[in-house]
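Student: One structure, pasted below without further comment.
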Amino acid sequence: MVNENVKKFGLINTIEGYSYIILVFIAMPMKYLLEIPMAVKVVGMVHGVLFIIFCLLLVKAWKESGWAFKENIIFFIASLIPFGTFFTKSKIKTYE
């Protein structure tokens with residue numbers, strides 16, 4: 001049986017990871033090196049919305065799948081590290 005909330009969480013995990021990479025490695029250099037502050041405003045807003053959705057789906061997936069609270073903490077901390085969410089993809093797949 002496919003766990004829909006875990007599947008949605010896995011998708012938003014990937015999208016949020018890409019938005020974080022774009023923010024840190026593209027938008028921020030554009031702001032500080034090319035003096036284009038609008039890049040961070042736009043990408044930062046998109047990333048912020050995606051992060052909120054990520055947190056909401058993390059809680060929904062945790063409740064539905066029954067994984068340990070420790071897993072929740074690992075998924076959350078990984079989302080704060082650039083490229084961190086990509087290391088949790090295989091773990092999320094095990095709960096689908």
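All of the numbers you see were taken from the coordinates with simple rules; none came from a lab. For clarity, every value in this text was computed on a predicted model and none was experimentally measured. Don't worry about glycine lacking a Cβ; one is built from the backbone with ideal geometry, like all the others, and counts go over all protein chains shown.
Student: Which one is farthest from K7 (Cα to Cα), of the residues in the range 53-96 that are among the aliphatic types (A, V, I, L, M) and in contact with a helix residue (DSSP H, G or I) (Cβ under 7 Å, 6 or more places away or on another chain)?
Tutor: A78
Student: Quick one: which of A78, A61, A68 is in contact with a Ser or Thr (Cβ under 7 Å, 6 or more places away or on another chain) and small (G, A, S)?
Tutor: The unique qualifying residue is A78.
Student: If I go through the range 19-74 residue by residue, how many of them are free of Cβ contacts under 8 Å to residues at least 24 places away in the same chain and of a type in the set (S, T, N, Q)?
Tutor: Here the count works out to 1.
Student: Right, here's the next one. Inspect the range 20-36 for any residue being of a type in the set (V, I, T) and touching a Phe, Trp or Tyr at 6+ places or on another chain (Cβ under 9 Å) and give the result as yes or no.
Tutor: Yes, the conditions are met somewhere in the range 20-36.
Student: While we're here: Could you check how many residues of the range 75-96 are in a helix (DSSP H, G or I), free of Cβ contacts under 8 Å to residues at least 40 places away in the same chain and surrounded by fewer than 12 Cβ atoms within 10 Å (Cβ to Cβ)?
Tutor: Of the residues in that region, 3 qualify.
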